[in-house]
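To start, the structure itself, in structure tokens.
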Amino acid sequence: QVQLVESGGGLVQAGGSLRLSCVASGSIFSFNAMGWFRQAPGKQRELVAVLTSSGRTNYADSVKGRFTISRDNAKTTVYLQMNSLKPEDTAVYYCNADRVYYGGFTPGNYWGQGTQVTVSS
């Protein structure tokens, strides 16, 4: 069972940048897609970025042009580069994996503790 551990969150001023990391305990090669989610207080968890095994990416409209999802060549770490951060990006960020990725991203039972991102105005 692969475990995913997120890190890299913190407090940043609006307009700043952060880079989140998601380290897998094993290779993520077996997954068809990796995704970053976020959950703000009182809101549902939302999918913000997807990276497929073929290298295609998809982003939520709210982060398009500001966030970039990528992975390392060893395929054990997935990153989320977040630029031009806004107060509304404040949330706990989680990564997850989808073995199939067909008809949308279906997260597996890989939820970790997440990493808190707080953007001050």
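The values are calculated or read from the model by the stated rules, or taken from the named source; none is laboratory data. Remember, it's a predicted structure, so these values are computed and weren't measured experimentally. As a convention, Cβ positions derive from the backbone with ideal geometry for all residues, glycine included, and neighbour counts pool all protein chains shown. With ligands, DNA and RNA removed, areas are computed over all heavy atoms of the protein, side chains included. Shrake-Rupley method; radii C 1.70, N 1.55, O 1.52, S 1.80 Å.
A few notes on this one:
- Of the candidates G26, G35, the single residue that is in contact with a Cys (Cβ under 8 Å, 6 or more places away or on another chain) and either open to solvent by less than 40 Å² (accessible area, probe 1.4 Å) or at pLDDT 95 or above (or both) is G35.
- Residues in the range 78-106 that are buried (at least 16 other Cβ atoms within 10 Å of the Cβ) and under 19 Å from S54 (Cα atoms): 9 in all.
- Scanning the range 26-84 for residues that are part of a strand (DSSP E or B) and acidic (D, E) yields a single hit, E46.
- Answer from L11, L18, L47 - the residue that is under 18 Å from N83 (Cβ atoms) and crowded, with 16+ Cβ neighbours inside 10 Å: L18
- Residue selected from the range 54-76 under the condition crowded, with 16+ Cβ neighbours inside 10 Å and hydroxyl-bearing (S, T, Y), by the criterion farthest from the chain's Cα centre (by Cα): T76
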